[in-house]
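Data first, discussion second: the structure below is written as structure tokens.
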Amino acid sequence: MAYHSYENLEVWQSAVDLGVKVYSVLNECRDFGFKDQICRAGVSIASNIAEGMERESKKETVHFLHIAKGSCAEVRTQLLIGSRIGYLESGAFEKLNEQAESISRMLHGLIKSLKPNP
């Protein structure tokens with residue numbers, strides 16, 4: 001896969017945007033444990049994409065992309081919990097969850113494109 005920089009990847013850009021939105025939506029949240037957990041997971045998505053894309057081998061790259069995909073699932077789970085306990089309004093939940101699902105699909109496609117064909 002040819003690319004000039006991970007910053008040019010749509011999936012990385014969307015992951016950064018999601019991380020920023022999660023922080024913004026939970027800015028006033030006083031449950032610091034919950035807020036810290038979801039914000040760290042949100043930051044982890046873009047960070048692991050970047051780290052993976054800078055690795056020397058496809059195997060390492062795929063490994064970090066799987067970690068990013070896992071962090072994306074973590075964010076989606078925490079968004080749902082946050083919505084159910086009243087930390088997120090339903091509109092914010094829907095938008096953030098939709099973006100996280102999109103990122104997960106993009107990561108799946110990227111991982112698939114990097115794995116050798118059987």
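No value in this document is a laboratory result; all are computed from the given coordinates. Just so you know, these numbers come straight off a predicted model, no measurement behind them. Note: ideal-geometry Cβ built from the backbone for every residue, glycine included; neighbour counts use all protein chains shown.
Observations on the model:
- Neighbour net charge for Val62 - beta-carbon separation under 13 angstrom, K R +1, D E -1: +3
- Scaled radius of gyration (Cα, divided by 2.2 N^0.38 Å) that region 9-114 gives: 1.06
- Measuring against 20 Å, Cα to Cα, the residue pairs Lys69/Lys95; Lys21/Lys95; Lys21/Lys58; Lys59/Lys112 contain Lys21/Lys58 as the ones spanning a longer distance.
- R0 of 35 Å, Cβ-Cβ distance His4-Ser24: FRET efficiency to nearest 0.05: 0.75
- Neighbour-limited loop hits for chymotrypsin sites (Phe, Trp or Tyr not before Pro), region 1-63 (at most 11 other Cβ within 10 Å; DSSP other than H, G, I, E, B): Tyr3
- FRET efficiency, 1/(1 + (r/R0)^6) with R0 25 Å, evaluated for Glu56 and Lys112 via beta carbons: 0.75
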